[in-house]
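See below for the structure under consideration.
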């Protein structure tokens, strides 16, 4: 199952879906990719109708023009617990 995700960098915002998701990061597909090294704020919708999980992240890889690998920077214990108990994986 894929998660809906939004990424924000400054005033720019992208919407997409996760292609792969782990405690360390995600591969995100969107209309375009942020450049390598871009710091973003990620909002993941782990379950429909629940508050989004938010974390800082860094773009560590790009795949083509529409996918990027992001590494979570501050995923705390509560957020990790929410991730582990979701059906969005």
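Table: residues versus (1) touching a strand residue (DSSP E or B) at 6+ places or on another chain (Cβ under 6 Å); (2) under 18 Å from residue 2 (Cβ atoms); (3) exposed (fewer than 14 other Cβ atoms within 10 Å of the Cβ); (4) modelled with pLDDT of 95 or more.
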position: 23; (1), (2), (3), (4): no, yes, yes, no
position: 26; (1), (2), (3), (4): yes, yes, no, no
position: 29; (1), (2), (3), (4): yes, yes, no, yes
position: 55; (1), (2), (3), (4): yes, yes, no, no
position: 58; (1), (2), (3), (4): yes, no, no, yes
position: 70; (1), (2), (3), (4): yes, yes, no, yes
position: 74; (1), (2), (3), (4): yes, no, yes, no
position: 79; (1), (2), (3), (4): yes, no, no, no
position: 82; (1), (2), (3), (4): yes, yes, no, no
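Checking residue 20 against (1) part of a strand (DSSP E or B); (2) touching a helix residue (DSSP H, G or I) at 6+ places or on another chain (Cβ under 7 Å); (3) farther than 10 Å from residue 70 by Cβ, which test does it fail?
If we test residue 20 against (1) part of a strand (DSSP E or B); (2) touching a helix residue (DSSP H, G or I) at 6+ places or on another chain (Cβ under 7 Å); (3) farther than 10 Å from residue 70 by Cβ, just (2) comes out false.
How many of the residues making up the stretch 23-42 are without any contact (Cβ under 8 Å) to a residue 40 or more places away in the chain and part of a loop (DSSP other than H, G, I, E, B)?
8
The values are calculated or read from the model by the stated rules, or taken from the named source; none is laboratory data. What you are looking at is a predicted structure, and each value in this text was computed from that prediction instead of being measured. Note that each Cβ is placed from the backbone with ideal geometry, even for glycine, and that neighbours are counted across all protein chains shown.
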